[in-house]
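Scroll down for the structure; my scribbles are underneath it.
Taken together, the values in this text are just the output of simple stated rules run on the coordinates, not laboratory data. Remember, predicted model here, so these are calculated numbers, not experimental data. Glycine gets a Cβ as well: all are built from the backbone with ideal geometry, and neighbour counts include every protein chain shown.
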Amino acid sequence: MTTSALSSRELTELVEAQKVERVLYDYAYYLDMNQPDDLAALFTSDCYVAYGPDFGAEGRDAYRKTLDGIGTFFTATSHHVSNVVVDFDEEMRSATVRSVLYAWHQYTKEGKPDGHFFGQYHDVLVRDDEHGWRFTRRELRAAGVVDFHVKKQIPIGRASA
Amino acid sequence: MTTSALSSRELTELVEAQKVERVLYDYAYYLDMNQPDDLAALFTSDCYVAYGPDFGAEGRDAYRKTLDGIGTFFTATSHHVSNVVVDFDEEMRSATVRSVLYAWHQYTKEGKPDGHFFGQYHDVLVRDDEHGWRFTRRELRAAGVVDFHVKKQIPIGRASA
Amino acid sequence: MTTSALSSRELTELVEAQKVERVLYDYAYYLDMNQPDDLAALFTSDCYVAYGPDFGAEGRDAYRKTLDGIGTFFTATSHHVSNVVVDFDEEMRSATVRSVLYAWHQYTKEGKPDGHFFGQYHDVLVRDDEHGWRFTRRELRAAGVVDFHVKKQIPIGRASA
């Protein structure tokens, strides 16, 4: 393999993929730190967010409202994001991203066992010169949960046999 | 540090490492989605796979057979791969890869507690122009397990004192 | 986006970030393999390490001493590092790094339940031509723990409401 095999497109994708990954990691960080305003700023104003089939929001303002109360509902959370796969569109203005999540939740309510979430994020991020990369679509799908407070999940769609 | 310090080799390794990582993440994805044919396609025809000292396969066809039944054995799995370290050979035709795995397993059998696997993947991938990077060797070693169905593991080789 | 938008600085950061990440992953590997001398070699001689408010070390020699006994205290550990974010200084001689940790611990003491740690690493690494990147500061902060042996943690600083 010679250098000439390296296209500028490949290098540009590497640089931008790292920036995209960082948005995912900042999201996890702000969530665990309970900084809902910083979380909401990672989304476009016309974003779509789905945490479950009956639990989501259209638009950043509505999404921000769903974050009210998480500060008192959990005493702690820890979000671990891995297996990140990024695909760009031709103009590198949007990125389709798949990742895996293991999240641990400690509830404020006494006696409630810790909740565990195992699943996938399916995201679309868009880029503009002012804000860089931001989520325009974020959907959380569950492989499975243990003692988790949200009862209905969007399944990952595992083949049944 | 100036630009001239950046060799084309370093950039090529970055680009190829990202492709190698993607094969690891696609493996985890297909496993959790229960898509055994897509899984097998990530391996070379002469691959060697070891999930345990008494549990593995030589060749893609034999490996594919070991995947029969996982669709009914588990109701769900979730594979989280991180700490990925990639080393290439001189010609960049093969890659030696070490990563860490946390895997959660929910069994079909009623009353069977969830199984947890903590360990390492030790892989060799090879590249050809037709298929890109594929596993030619994949070995799973266990740091430890909790309520896991496979009783004998390949140990990571932790120093004893 | 055209190629000319790609600065050599961005490419250099990518290359160096990968090397920095590897130090984090080697640390986790040596810890799980119980190789304390290899662990200590990842630190500068004047490093500062904090595992808790009352549990840390100043200098590599003192840090090395804190590792004595882990070989008999645990039968196994598994450290999963993800969400790695790297920021470099202007001259690329130091890197400030944030990452997330899920660590599983199996104790030697009979009947002691497995310990789980969920939290963040906050690191500073420095680079010299002889050793490459090494930790000069490593601080472990806890989102929360379950059945963990260290009772007092440095908190991540989650906002309270």
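Near A:Ile156: Cβ cut-off under 13 Å, other residues only, Lys/Arg at +1 and Asp/Glu at -1. The net charge is +1.
Listed from fewest to most Cβ neighbours within 10 Å, the set B:Leu101, C:Leu11 follows the order C:Leu11, B:Leu101.
Taking the fewest neighbouring Cβ atoms within 10 Å as the starting point, the ordered list for A:Val100, A:Val84 is A:Val84, A:Val100. Please identify which residues in region B:83-97 have an amide N closer than 16 Å to a label point set 7 Å out from the Cα of B:Asp129, following the Cα→Cβ vector. In region B:83-97, the label zone of B:Asp129 (backbone N under 16 Å from the point 7 Å along Cα→Cβ) covers B:92-93.
Let me know the volume per residue of the alpha-carbon convex hull for the protein assembly as shown, in Å³. Don't skip to the end; give the middle numbers.
Working: hull volume 76.6 nm³, N = 483.
It comes to 159 Å³ per residue, whole-number rounded.
With the dipole of the protein assembly as shown worked out from charges on the C-beta (+1 for Lys and Arg, -1 for Asp and Glu) around the Cα centre, which of B:Ala159, A:Tyr30, A:Val85 lies farthest toward the positive end? Of the candidates, B:Ala159 comes out farthest on the positive side.
Dividing the C-alpha radius of gyration of chain A by 2.2 N^0.38 Å, with N its residue count, gives 1.13.
When the helices of chain A are scored as -39500 (n - 2.57) per DSSP H run of n ≥ 4 and the total is divided over every residue, the value at 222 nm lands at -8000 deg cm²/dmol. A:Thr75 sits among other residues whose Cβ lies under 11 Å from its own Cβ, and their net charge, with Lys and Arg +1 and Asp and Glu -1, is +1. Annotation: amide H-H contacts under 5 Å for A:Gly56 (H modelled 1.01 Å from N, sequence separation of 5 or more, or interchain): A:Tyr51.
A cut-off under 15 angstrom between Cβ atoms defines the neighbours of C:Asp114, and their net charge, with Lys, Arg +1 and Asp, Glu -1, is -4.
Lys-Lys pairs in chain C that are eight or more residues apart or on separate chains and whose Cα atoms lie under 23 Å of each other come to 7.
Shortest first, B:Arg93 label-point distances to identical copies amount to 4.4, 4.4 nm, with the label point at 7 Å from Cα along Cα→Cβ.
Each residue of region B:107-121 was assigned a 3J(HN,Hα) from its phi angle through the Karplus curve 6.51 cos²θ - 1.76 cosθ + 1.60 (θ = phi - 60°); the sequence is 8, 5, 4, 5, x, 6, x, 4, x, 10, 10, 10, x, 9, 9 Hz, with glycine and proline shown as x. Would you mind checking region A:143-158 for residues with the amide N under 20 Å from a putative spin-label position 7 Å along Cα→C-beta of A:Thr72? Hits in region A:143-158 for A:Thr72 at 20 Å: A:149-150. Our coupling estimate for region B:86-91, obtained by passing each phi through the Karplus curve with A = 6.51, B = -1.76, C = 1.60 and θ = phi - 60°, is 10, 10, 9, 7, 4, 8 Hz, Gly and Pro reported as x.
As a footprinting exposure proxy, order C:Val97, A:Val150, C:Val146 by other Cβ within 10 Å, with the fewest listed first.
Ascending number of Cβ neighbours within 10 Å: C:Val146, A:Val150, C:Val97.
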